[in-house]
Amino acid sequence: MTGKGIVRTASGLQRLSVFIVRAVDGKIGCSIPIADYVVLSPAGVDSDTTLAHELAHTCLLMHRDDSKNLLYASILRGTDVTGWQRFVIRTSRHCTFW
């Protein structure tokens, strides 16, 4: 633990916490780009893409207009990521390799 209360792994990466709650007001998942946590409802846990989508937000990625992209704002999103998105995730404080 650092002096600022940030938990780091032995490799120096910050850990992420995932909270499963009964409901997320009008959504199935939620995260804030500057936070080190993700919140999912049971429907978010059952989704094939919601956890990855929310984790991408913690890596500072925002929504995209392409419905095939992982960062599309609907549950009907795809799993595509751009080279730029992959670069941002791989260089984030939460990821070591992808």
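Data overview
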{"read-out": "Under 10 Å, Cβ to Cβ, from residue 79 - net charge with Lys/Arg +1 and Asp/Glu -1", "value": "0"}
{"read-out": "Separation of the residue 60 and residue 86 label points, Cα + 7 Å toward Cβ, nm", "value": "2.0 nm"}
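Read-outs throughout are calculated quantities, based only on the coordinates presented, and are distinct from any laboratory measurement. Bear in mind that the values here come from a model prediction, so they are computed numbers and not experimental data. Here the Cβ is made from the backbone with ideal geometry for all residues, glycine too, and neighbour counts use every protein chain on show.
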